[in-house]
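Comments concern the structure below.
The values are calculated or read from the model by the stated rules, or taken from the named source; none is laboratory data. Quantities reported herein were computed from a predicted structural model and do not represent experimental measurements. Note: ideal-geometry Cβ built from the backbone for every residue, glycine included; neighbour counts use all protein chains shown.
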Amino acid sequence: VPNHVISRALTFTETGDIDKVLSLTNHDLSTKPPPGHVLVQFLASPINPADVNQVQGTYPSHARLITSSTPSTTPFAVGGNEGVAKVIFTSPDITNVKAGDWILPFKPSFGTWRSHAIIPKDEMIVIKDEQKKGLTPIQVGTASINPITAWRLLKDYGKLEKGDWLVQNGANSGVGRAAIQLAKEFGFKSLNIIRRRDQNEEHILMVEELKELGADVVVTDDEIKDKERIRELTNNNDIKLGLNCVGGRIVNDMAKLMAEDSHFVTYGGMSKKPVNLPTAMLIFKNITFYGFWLTKWSKANPKEKQKTLDSILDMIQKGKLKDVPVEEIEWSTNTVGSLLVDKVNKTLDGHRQGKGIFIFKDI
Ligand SMILES: NC(=O)c1ccc[n+]([C@@H]2O[C@H](COP(=O)([O-])OP(=O)(O)OC[C@H]3O[C@@H](n4cnc5c(N)ncnc54)[C@H](OP(=O)(O)O)[C@@H]3O)[C@@H](O)[C@H]2O)c1
């Protein structure tokens, strides 16, 4: 057994432009973790929009600083908040997990864009053998943020009952796709908004893809302005819940479609524009507007988070929650840092084919 491994990590010592502050660095880790700790090797770690904002310094929760054992080294943070890792060594006092088990870091800002890490036992969720049966690292590595968010949005707001309608924008996002499938599972009807693709063929394919996932109606951000047409498509039913991850003018258009006393949750701001609300929606329609942040919800509801994750893994195993389209980014000992940094940098470009996900190979 070697007495150390080299962890290759995407790190930053200050926030700012991705290509200026993020770089690939090497760190020696002992194969004898301290008591209560486990040495893991990451298998798959996605690049989510919030991870990028965190490196840029525009996200409210900050990456955790790590102080190296060499005193002269500036403290650094590792990027990434989601991923699945395999246990390779444990400290002798550890009994709940063994080499070969898969774990998810439980707390946000752990830093998942690295080949290896030492993690305290109380900061990880252990995936049980029966839970991971048949599942890929990509499926498990993308289960703990977007699907949990979608689940909570559908269950905790608006008290929807079977047959009730919801409207959401960003419907082709990771959260959006999970919301489509969960809505179907829970018996809700979904009106889904996407941005038009430049190529018509590509657009038609995306609409079909979302319908196959269970979307009842898919329209563009232009089409939802036609209230009459939308009423036809939703069979004149009330829309009781709105979900927003875009912001700007589209919020106004969505609110106009919604029923009196309905509920509207903002959980993202991809357009970087403020939420635009017509006064009448507050006064006459009495729509209730909320914000949702998984980080805060998870801190307050750790047991419920575990339960939601268990239900999600079960749905994935049963084929009820399909993989999000991904762009696999291979990360091996030979991979150059600039390639990895470039992939992080392109994450917020829009009209992407799939979510970037680091796949650790031969590392
Ligand atoms: N509040 C929370 O706790 C929480 C938890 C998870 C995620 N989120 C947020 O949810 C959002 C989606 O995350 P994700 O990981 O599911 O995203 P994702 O899979 O990376 O997809 C990004 C989505 O954003 C859309 N988009 C990108 N730029 C846009 C723009 N300028 N205007 C309008 N739409 C734009 C994309 O549409 P196109 O394909 O048309 O570009 C796509 O639908 C993000 O804002 C993320 O931060 C929040």
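Using the structure shown, decide if VAL326 is under 21 Å from the mean Cα position of the chain (by Cα), among the aliphatic types (A, V, I, L, M) and within 16 Å of the ligand (Cβ to nearest atom).
yes
Name the residue that is farthest from the ligand (Cβ to nearest atom), counting only residues in the stretch 270-290 that are in contact with a strand residue (DSSP E or B) (Cβ under 8 Å, 6 or more places away or on another chain) and not hydrophobic (A, V, I, L, M, F, W, C).
Among residues in the stretch 270-290 that are in contact with a strand residue (DSSP E or B) (Cβ under 8 Å, 6 or more places away or on another chain) and not hydrophobic (A, V, I, L, M, F, W, C), the one farthest from the ligand (Cβ to nearest atom) is THR288.
Consider only pairs whose beta carbons are under 6 Å apart and that are at least six residues apart or on different chains; among these, list those whose first residue lies in the stretch 156-171 and is more than 19 Å from ASN235 (Cβ to Cβ) and whose second residue is hydroxyl-bearing (Ser, Thr, Tyr) and within 15 Å of the ligand (Cβ to nearest atom).
Filtered contacts from the stretch 156-171: no entries.
Name the strands (runs of 3 or more DSSP E) wholly inside the stretch 1-120 in which the number of residues that are closer than 20 Å to THR142 by Cα is 3 or more. Break it down into steps so the answer makes sense when it comes.
On the way: elements: 4-12, 23-30, 37-46, 76-78, 84-90, 102-105, 116-120.
Strands (runs of 3 or more DSSP E) meeting the threshold: 37-46, 84-90, 102-105, 116-120.
Assess whether VAL344 counts as being surrounded by 13 or more Cβ atoms within 10 Å (Cβ to Cβ), within 16 Å of the ligand (Cβ to nearest atom), assigned to a helix (DSSP H, G or I) and modelled with pLDDT of 95 or more. Full working, then the answer.
Numbers: surrounded by 13 or more Cβ atoms within 10 Å (Cβ to Cβ): yes; within 16 Å of the ligand (Cβ to nearest atom): yes; assigned to a helix (DSSP H, G or I): yes; modelled with pLDDT of 95 or more: yes.
Taking the combined requirement at face value, the residue satisfies it.
Tally up the residues in the stretch 279-292 that are surrounded by 15 or more Cβ atoms within 10 Å (Cβ to Cβ) and either out of contact with any Leu (no Cβ under 9 Å at 6 or more places or on another chain) or hydroxyl-bearing (Ser, Thr, Tyr) (or both), please.
Adding up the residues that qualify gives 2.
Any idea which of HIS116, HIS62 is surrounded by fewer than 20 Cβ atoms within 10 Å (Cβ to Cβ), within 30 Å of PHE12 (Cα to Cα) and not aromatic (Phe, Trp, Tyr)?
So the residue among HIS116, HIS62 that is surrounded by fewer than 20 Cβ atoms within 10 Å (Cβ to Cβ), within 30 Å of PHE12 (Cα to Cα) and not aromatic (Phe, Trp, Tyr) is HIS62.
Filter the stretch 296-307 down to residues that are within 16 Å of the ligand (Cβ to nearest atom) and over 30 Å from LEU257 (Cα atoms), then give me how many there are.
Looking only at that region, the number is 7.
If GLY337 satisfies every condition in (1) more than 16 Å from the ligand (Cβ to nearest atom); (2) touching a strand residue (DSSP E or B) at 6+ places or on another chain (Cβ under 8 Å); (3) under 26 Å from GLU123 (Cα atoms); (4) small (Gly, Ala, Ser) but one, which is the exception?
Condition (3) is where GLY337 drops out.
Kindly list the number of the only condition in (1) away from the ligand (no atom under 15 Å from the Cβ); (2) modelled with pLDDT under 95 that fails for ASP198.
(1)
When the stretch 183-204 is examined, which residues are found to be in contact with a Lys or Arg (Cβ under 8 Å, 6 or more places away or on another chain) and either of a type in the set (D, E, K, R) or not in a loop (DSSP other than H, G, I, E, B) (or both)?
ALA183, GLU185, PHE186, SER190, HIS203, listed by residue number.
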